[in-house]
2 protein chains.
Amino acid sequence: MDFPVRYIVGVDIGGTNLVVGTVPEDGSALFGYQTMPTDVAGGPDGVVGQIERLVTDSLAEARSELGSDIEVVGIGIGAPGPIDRHTGTVFLTPNLGWTDMPLRDRVSAALGLPATLDNDANCAILGEWWRGAAQGGKVVVGLTIGTGIGGAVVLDGKIFHGASGVAGEFGHASIDQSGRKCNCGNYGCVEAYSSGPAIARRAVEGIEAGAESALPQYVDGELDRITAKTVSQAAADGDKYCLEVITETAHVLGLAIANMVNILNPDIVVICGGVTAAGDHLFDPMRNQVRRRAFRPGVAVCRIVPGSLTGTAGVYGAVASFKEQTWGSC
Amino acid sequence: MDFPVRYIVGVDIGGTNLVVGTVPEDGSALFGYQTMPTDVAGGPDGVVGQIERLVTDSLAEARSELGSDIEVVGIGIGAPGPIDRHTGTVFLTPNLGWTDMPLRDRVSAALGLPATLDNDANCAILGEWWRGAAQGGKVVVGLTIGTGIGGAVVLDGKIFHGASGVAGEFGHASIDQSGRKCNCGNYGCVEAYSSGPAIARRAVEGIEAGAESALPQYVDGELDRITAKTVSQAAADGDKYCLEVITETAHVLGLAIANMVNILNPDIVVICGGVTAAGDHLFDPMRNQVRRRAFRPGVAVCRIVPGSLTGTAGVYGAVASFKEQTWGSC
């Protein structure tokens, strides 16, 4: 007997962009891909309105492709910041300016469908476990590197939330007690070295201090236009100073990963985000750092890989999180 | 209907001492407590012989107290070093000089009882969760501080083993990428600052460099007799330099715990080992360091406590691990 396939809409809310897609419960495809810049200025109302429009458009596109009678069972949402998945509330998102925002129920009411909420980094890593580079992993440690560094632990296909739902903040593990000041108030956090803006800042600091590099030419001498992407591009073009910056980034990330290997003994570490475009320039020294610093029995079973669901990991993961929260497993 | 209580013998193998006790399955008491110095020179045969004698003595004492007809169902063993609990083999214990030692089956054969094996730090922390200071914890992070620093994660009452059984090496999380060289080959490991020998070594280094302290008087000027216990004692007596050394120890441990709070979001962090005798001198600056460095939602739900099963946590935990491995839960 054939059961009809059920569909779930995944919503990935970022500080920069919203991404939405309609995914069958087996995760075999993504229909009705939609994206637009997040209307931060519009506040919660603006963003809920955008989500309503994008979900409607995504479903319309999916229905025109799959037939108008597909069964749509709900909406999985991933949002930045600490959230309470039991109440569906976003506690605080500095980038969006929200406080105690009942996001899940507002989206559910706007669209007349059940909804679930989880943290965006949790969703991205669960997405990589479900359909991406971390498939088959029993103990998955994941990092999402962007404006900040988020992360998640996925154990046997379930997000590990910790005692109060805030586990997985790998970006705020300190690797140098008297290191760089982090936005979170701590010192030496991985994020203070290896987030996108931190990579750009370190590169600019070196150039201002006299490092020789072609990097300024990429931005017509306007150093404040340098981003992690510019640094990666210059490194890929062979700029030696930018290669040093990428290597230093890799060493910091590798040290943090070595700590995770010793503590959590993962079989897969997956790294998501634009910085992975640096490829071997980043991954070779990162893996070497892990080999040098972590215990051999842990290193032997651990693969360190870039994420493979560029731009859609959060959508797939929001769908997977909906399945887990609604049906108990993904 | 009353079920008869079943008894399990717990064996805690340390590089210095063996400890054995007979425990009813509900963990309500410990009968026939036995301990003796580990016969390291006697090799595997010597230690297996000692275990045979101690288990026999413990059971005889328990039977004389409880009646000769008590039902004894097995032996739980905790041993240092990476072990394979599926095969019951100790891979390597530098302190005991064992390699690929089939400890579980040798003990089982010697005593004619089923046996299980787990890592000693895992057992100690599981023991604290079962009957000690970590009771009721959902996400327990534990550190055992002695000659080395071990650790364990206990999730919902089960030891978290990781992908290949070697999770929980908190002692080898680096908190300073260019810090003190650790025996494991890495730099800046917590163990390089805060193990018993490291605390003593740091104290001696300072005195050799001219720090003013009464510490040398505790050892008649023989600095190589200084141990962590001597440093704790002098700190308790008000020696300011030794208080600094303990505070530095607390800061390193606190930084490592702050990282764990951000990553694993535990509700209980339990610290076991002789160094906890320093009490508030250690725990106050440690807790302050965690408050300063970790995220508030994680700090708010996390209690940091000393272990309460001094000398017997490993025995209780070996029994709990036997129950978990044999019956699926403790």
For q = 0.11 Å⁻¹, Debye-computed log10 I/I(0) when each Cα of the protein assembly as shown counts as one equal scatterer = -1.11
Would you mind listing the distances between the B:F91 label point and the same position in each other copy? Use 7 Å along Cα-to-C-beta, nm, one decimal, shortest first.
-> 3.6
Quick one: Debye curve from the C-alpha atoms of region A:136-306, no solvent, what's log10 I(q)/I(0) at q = 0.10, 0.11 Å⁻¹?
-> -0.37, -0.45
Euclidean distance of C-alpha centroids, region B:108-164 and region A:157-208, integer Å | 31
The relative contact order of chain A, taking Cα pairs under 8 Å that sit 6 or more residues apart, comes to a percentage of 20
With +1 on each Lys and Arg Cβ and -1 on each Asp and Glu Cβ, how big is the dipole of region A:192-330 about its Cα centre, in debye rounded to the nearest 20?
-> 720
In which sequence would A:T310, B:T147, A:T247 go, from the one with the fewest C-beta neighbours within 10 Å to the one with the most?
-> A:T310, B:T147, A:T247
Exposure proxy check on A:L155, A:L126: fewest-to-most Cβ neighbours within 10 Å is A:L155, A:L126
Counting each DSSP H run of 4 or more residues in chain B as -39500 (n - 2.57), what helix-only mean residue ellipticity at 222 nm follows after dividing by all residues, to the nearest 500 deg cm²/dmol?
-> -12500 deg cm²/dmol
Aspartates and glutamates whose Cα lies under 19 Å from that of A:K158, excluding same-chain neighbours fewer than 8 positions away | A:D12, A:E25, A:D26, A:D84, A:D118, A:D120, A:E128, A:E169, A:D267, A:E324, B:D156
For region A:218-237 and region A:272-315, what is the separation of their C-alpha centers, rounded to whole Å?
-> 23
The simple spin-label model distance between A:S64 and B:L113, using points 7 Å out along Cα→Cβ, in nm, is 7.4
Find the relative contact order for region B:187-330 and round it to a whole percent, using C-alpha pairs within less than 8 Å whose residues are 6+ positions apart.
-> 21
In angstroms, what radius of gyration and Dmax does chain B have, counting Cα atoms only?
-> 20.2, 71
Most mobile listed residue (A:A203, A:A79, A:A60) in chain A, GNM with C-alpha springs under 10 Å | A:A60
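Counting only other residues whose beta carbon sits under 12 Å from that of B:V73, what net charge do I get with K and R as +1, D and E as -1? It would help to have the intermediate numbers written out before the result.
Details: positive: B:R6, B:K323; negative: B:E25, B:E71.
Local charge sum for B:V73: 0.
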Spin-label point model (7 Å from Cα, Cβ direction): what's the A:D57 to B:A277 distance in nm?
-> 7.0
Under 5 Å, built H, 5+ apart or other chain: amide partners of B:R6 = B:E25
First select every other residue whose beta carbon is under 14 angstrom from the beta carbon of B:G137; then total the charges, Lys and Arg +1, Asp and Glu -1.
-> +1
One computes Rg over Rh for region B:10-109 from alpha-carbon atoms, with the Kirkwood Rh, and obtains 0.98
Please find, in a Gaussian network model of chain A (springs between Cα atoms separated by less than 10 Å), the residue of A:D12, A:D220, A:D26 whose mean-square fluctuation is greatest.
-> A:D220
Which of B:E324, B:E65, B:E191 has the fewest Cβ neighbours within 10 Å, and the rest in rising order | B:E65, B:E324, B:E191
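Over region B:1-93, what relative contact order in percent results from Cα pairs under 8 Å that are six or more residues apart?
Relative contact order here is 32 percent.
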Estimated inter-spin distance, A:T16 and A:S308, nm [label 7 Å along Cα→Cβ] = 2.4
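Taken together, the values in this text are just the output of simple stated rules run on the coordinates, not laboratory data. The model shown is predicted, which means the values in this text are computed figures rather than measured ones. Cβ coordinates were reconstructed from backbone atoms using ideal geometry, including for glycine residues, and neighbour counts include every protein chain displayed.
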